[in-house]
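What follows is calculated from the coordinates using simple rules that are stated; it is not laboratory data. Please read these numbers as outputs of a predicted model, since none were measured by experiment. Using ideal geometry, Cβ is built from the backbone for each residue, glycine included, and neighbour counts are taken over all protein chains shown.
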């Protein structure tokens, strides 16, 4: 079973350049947790599955910590989700809008 939260939007302060960390930017985070069969399909009990609200809170906590690199942000998100859901295979995607690369680019994306 795969549970996903897709394109969670945040304003955050990540980047190598000081102005990126001062002005902030739009970031999209998508996470998926692949798990063995989930008892919630039978029990209809939140305790038997992944709590979306908890996942969101964990992601929001990590995205709020400024970092130079998106790789670091994605790694922290993956690590905290693995700590909370040790039986899940975790996939994380972090997208940064209009990265400063000297030309027009819609998004820079990191996937772990």
Exercise. Where is the GNM fluctuation largest for the chain (alpha-carbon springs, 10 angstrom cutoff): 12, 57, 74?
Worked result: 57
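Taking neighbour Cβ counts within 10 Å as the exposure measure, how do 69, 58, 81, 5 sort from fewest upward?
Numbers: 69 12, 58 19, 81 23, 5 15.
Ordered from fewest to most neighbouring Cβ atoms within 10 Å, 69, 58, 81, 5 come out as 69, 5, 58, 81.
Let me check against my output: what whole-number percent is the relative contact order of region 2-111, with C-alpha pairs under 8 Å and at least 6 apart? Write out the running numbers ahead of the final one.
Values: 174 pairs, mean separation 31.3, N = 110.
Answer for region 2-111 is 28 percent.
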Seminar exercise, completed: Rounded to the nearest whole number, the per residue volume of the convex hull around the C-alpha atoms of region 2-111 in Å³ is 89 Å³
